[in-house]
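Worksheet: the structure to be examined is printed underneath.
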Amino acid sequence: MIDKLNDPQREAVTLPPGHALVLAGAGSGKTRVLTTRMAWLIQTRQSSPLGILAVTFTNKAAREMLARISAIMPIDTRGMWIGTFHGLCNRLLRAHFRDAGLPQAFQILDTADQFAAIKRLLKANNIDDEKYPPRDVQRFINCAKEEGQRPGDVEAYDSFRRRMIEIYTLYEAQCQREGVVDFPELLLRAFELLSRNEPIRNHYQRRFRHILVDEFQDTNNLQYRWLTLLAGDGASVFAVGDDDQSIYAFRGANVGNMADFERDFARGAVIRLEQNYRSYGHILDAANALISHNTGRLGKNLWTEQGAGEQIRVVEQPTDFAEAQWIVDEIRSLVAEGRSRHEIAILYRSNAQSRVIEHALFSSAIPYKVYGGLRFFERQEIKHALAYLRLISNPDDDTSWVRVVNFPPRGIGARTIESLMDQARTYDTSLAASVARVPGKAGSNLAQFLVSISQMAEATRGLPLPELVEHVIEHSGLIAHYKLDKEGADRIENLNELVTAATVFAIEEHFDGLPAGESVQWVSSATDSMGDSLTPAENISPLASFLSHAALEAGDNQAQAGQQAVQLMTVHAAKGLEFDAVFITGMEEGLFPHENSVLEPSGLEEERRLMYVAITRARERLYFSLAQSRMLHGQTRYPMRSRFLSEVPDQHLKWLTPKQQVAFDGHGSEPRWAGASRASIPNRPSVAPRSPTTGVLVGSQHFRIGQGVSHGRFGEGTIIGLSGSGLEAQAQIQFRDAGTKTLALGIAKLDITH
Ligand code: ATP
Ligand code: MG
């Protein structure tokens, strides 16, 4: 098992008990070391499988880790605690729902559900959603929770925040009443459970002697505290990470946790790995050169024994359509050369880019699989079906109520629902519990709905999970409804896939054959070799477990698993993964680096780390692609080349299309567009015919691409795109301080500076 490792890797795997940090760059074997250490601890009998807790970044990574361990040795991995922070906290809360103050069948709100719940809350309490936009409320609540703060802990230094805190309080009451838990709440509850309940804390502290954490650089403060609390004085924490791959600061990740951990725990037990086993030389050197533009790095060298390999292929296309089509053609030839489709990944910075790429793949009948983005479980029809499933296990889940009480339509109007909400508010109950208080026809319609839910619950009691799901999508009326819908065929197919997903899930989680209504004992106290009887049986019914899975699953469309498909995902979702061939698309200013990030140095550095993550996913073949014009958010843009292209030394790049333009150098100097090539941009078919030009006359002013201009509010900038003429004329301007803006030339007052 350890023969195949290099010296520092072996040293890390076989470290004696105690805290340790493995700090190393991409592809140096951190995840491999972590997995091997788990196997090593078990094999050398330093730990039972049940004494290990491992945190991975995605559910997919957790599954892979389990698979690798069972490949190394024949043990039953079922009772092992390997999963994401959310997954593990969910498990803890399910096992101790009472102590955590939750109903047994509590449901998990994903980000979109949470947003809907907040909107409903604002409306119910007559709170002005312009002054307190639901997005901002959501961010406020989540940030507070990620810092471990309940409403009483948040500082109220002005009236706005005081009101936000009140909303937070109302929101908590609503969630509690409805028996639902949002993502950050999973963590905070689990943290509070451990910190307040000494017997439970002692139990888990005694049980988990070894805690292993992958992708440690992206832990947030609450996760860090959760880990240290769980570790107590006795456990060994083994963390692996790479500061250069910290890409979740926007969600509260704190790369400083690495330094803190080193100082407070690892104290000298820091191992560095420098040999990269993943990528060929050109790819690795390109990544190293790029990331060297960042400041304040912990500093690492990465080298490879593999040869230089191929240069990075760069291709520039006139439009995003052409870019996508080019990629599809290239994938065809890669496959013809004998590469597997699932070893090819297309990465993008922003989810909005995937539609065009998906369309091109779809038209060419190339199977593909999208990770993240609009995930299977987030599709409208699936959400509806899940809402029914949630209601049959917990009728008090108001979010689900509101979602399906009139879907398929059953004559329950908005006014009825509002009066129901009023009742529920007045009597402080759930919607379901207030039905009897609504009079007349409206009331009887509602009662009818309630009856149909309880009939479904009754009829499915004791059925295996897939049959249960099948019964509910049929008897909810969803299938019949979509049959009437012209475009419903896809939706019906997806609903049927939900049954498949439930089947796969039941098999993977060993629920097959077990009735969905009955609880299963995963780890009974008898098998807990750490020897005390406190851990209650994990009473997770297959349905509850499936619903948590649907809420937590990081976008893997299980039903399609097994098919050889090209992999599509955002760069964020690609962390930790590797592929033979990788396309990094949209290498354009404003997109990658993203326009929201470039104004602050820290934002730009995070973008650069993202690019570093993207590049280091490739083993053999890497492509950079970009478009000269792109349709984004309903607007055509004419972006400049990404500054990251100029941060990779020329020797690593091979241009497949002419390289006559110079990329933006990132210092606000005039971008050097070869203006003439603008004129050759073909008009895209689906866009309003407003052809891009290189020069426009408005009044007496003649605007050109590349020209310097100044604007009263946005300051100095450079014209990077022009379109239309006369009153329709617009310019896209890259302002030095205000980012890129599109302005109507007839209206905006611009001075030409040079
Ligand atoms: P990332 O930072 O991207 O998460 P990582 O440091 O976790 O990367 P791994 O994914 O563990 O790196 O390893 C990268 C690749 O190198 C994997 O395919 C792994 O199997 C391989 N590898 C790691 N160590 C060795 C080794 N000693 N011999 C051969 N292959 C190795
Ligand atoms: Mg890894």
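General remarks:
- Selection status of L5, under 30 Å from A289 (Cβ atoms), surrounded by fewer than 21 Cβ atoms within 10 Å (Cβ to Cβ) and within 16 Å of ligand 2 (Cβ to nearest atom): yes
- Some residue of the range 72-84 being in contact (Cβ under 8 Å) with a residue 24 or more places away in the chain, away from ligand 2 (no atom under 16 Å from the Cβ) and of a type in the set (D, E, K, R): yes
- Number of positions in the range 362-378 that are part of a loop (DSSP other than H, G, I, E, B) and at pLDDT 85 or above: 4
- Some residue of the range 231-241 being in contact with a Pro (Cβ under 6 Å, 6 or more places away or on another chain) and crowded, with 19+ Cβ neighbours inside 10 Å: yes
- Considering residues of the range 437-449 that are part of a helix (DSSP H, G or I) and under 22 Å from L121 (Cα atoms) only, the residue modelled with the highest pLDDT: L446
- Number of residues in the range 29-57 that are surrounded by 24 or more Cβ atoms within 10 Å (Cβ to Cβ), touching a residue at least 60 places away in the same chain (Cβ under 8 Å) and polar (S, T, N, Q) equals 1.
- When A345, A269, A287 are checked against the criterion of being at pLDDT 95 or above and touching a strand residue (DSSP E or B) at 6+ places or on another chain (Cβ under 6 Å), a single residue qualifies: A345.
- Flag for I69 being away from ligand 2 (no atom under 16 Å from the Cβ) and buried (at least 21 other Cβ atoms within 10 Å of the Cβ): no
- For D214: the one exception among (1) of a type in the set (D, E); (2) at pLDDT 95 or above; (3) surrounded by fewer than 17 Cβ atoms within 10 Å (Cβ to Cβ): (3)
- Some residue of the range 645-655 being more than 21 Å from the chain's Cα centre (by Cα), assigned to a loop (DSSP other than H, G, I, E, B) and more than 20 Å from I733 (Cβ to Cβ): yes
- Once the range 27-53 is narrowed to residues that are of a type in the set (S, T, N, Q) and within 16 Å of ligand 1 (Cβ to nearest atom), the residue that is farthest from E578 (Cα to Cα) is T36.
- Of E605, E595, E600, E620, all but one fail to be surrounded by fewer than 24 Cβ atoms within 10 Å (Cβ to Cβ), free of Cβ contacts under 8 Å to residues at least 40 places away in the same chain and away from ligand 2 (no atom under 16 Å from the Cβ); the exception is E600.
- Residues being within 13 Å of G706 (Cα to Cα) and crowded, with 22+ Cβ neighbours inside 10 Å - total across the range 720-752: 7
- Residue check for R68: within 13 Å of ligand 1 (Cβ to nearest atom), at pLDDT 90 or above and not in a loop (DSSP other than H, G, I, E, B): no
A quick yes/no check of all residues on (1) of a type outside the set (G, A, S); (2) in the same structural domain as V472 (by the TED database); (3) in contact with a helix residue (DSSP H, G or I) (Cβ under 6 Å, 6 or more places away or on another chain):
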residue: E358; (1), (2), (3): yes, no, no
residue: A365; (1), (2), (3): no, no, no
residue: L386; (1), (2), (3): yes, yes, yes
residue: D397; (1), (2), (3): yes, yes, yes
residue: W401; (1), (2), (3): yes, yes, yes
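- In the range 609-625 there is at least one residue matching the filter, namely being part of a helix (DSSP H, G or I) and either among the basic types (K, R) or modelled with pLDDT under 90 (or both).
- From the list I584, I540, the one residue that fits, being touching a Phe, Trp or Tyr at 6+ places or on another chain (Cβ under 8 Å), away from ligand 2 (no atom under 16 Å from the Cβ), farther than 21 Å from R63 by Cβ and modelled with pLDDT of 50 or more, is I584.
- For the range 466-499, residues that are touching a Pro at 6+ places or on another chain (Cβ under 8 Å), surrounded by fewer than 22 Cβ atoms within 10 Å (Cβ to Cβ) and assigned to a helix (DSSP H, G or I) total 3.
- Subset of the range 4-26 [within 10 Å of ligand 1 (Cβ to nearest atom), without any contact (Cβ under 8 Å) to a residue 40 or more places away in the chain and touching a helix residue (DSSP H, G or I) at 6+ places or on another chain (Cβ under 7 Å)]: L5
- Comparison of R91, R98 shows that the only residue that is away from ligand 1 (no atom under 16 Å from the Cβ) and free of Cβ contacts under 8 Å to residues at least 24 places away in the same chain is R98.
- One residue stands out among those in the range 77-114 that are of a type in the set (K, R) and in a loop (DSSP other than H, G, I, E, B): the one that is modelled with the highest pLDDT, which is R98.
- For the residues D128, D136, the requirement of being out of contact with any Asp or Glu (no Cβ under 8 Å at 6 or more places or on another chain) and part of a helix (DSSP H, G or I) singles out D136.
- The number of residues in the range 194-241 that are β-branched (V, I, T) and within 16 Å of ligand 2 (Cβ to nearest atom) comes to 3.
- For D244, the conditions (1) in contact with a strand residue (DSSP E or B) (Cβ under 8 Å, 6 or more places away or on another chain); (2) within 16 Å of ligand 2 (Cβ to nearest atom) are fulfilled apart from (1).
- Tabulated pairs, the range 236-260, first under 23 Å from Q138 (Cβ atoms), second hydroxyl-bearing (S, T, Y) and within 16 Å of ligand 1 (Cβ to nearest atom), C-beta under 8 angstrom, 6+ apart or interchain: A253/T219; A253/S246; N254/T219
- Extreme residue, farthest from P8 (Cα to Cα), among residues of the range 273-303 that are more than 16 Å from ligand 2 (Cβ to nearest atom) and of a type in the set (S, T, Y): T295
- Within this structure, E274 fails the test of being farther than 18 Å from G576 by Cα and either more than 16 Å from ligand 1 (Cβ to nearest atom) or touching a strand residue (DSSP E or B) at 6+ places or on another chain (Cβ under 8 Å) (or both).
The values are calculated or read from the model by the stated rules, or taken from the named source; none is laboratory data. Computed from a predicted structure; not experimentally measured. In this analysis, Cβ positions are derived from the backbone assuming ideal geometry, glycine residues included, and neighbour counts consider all displayed protein chains.
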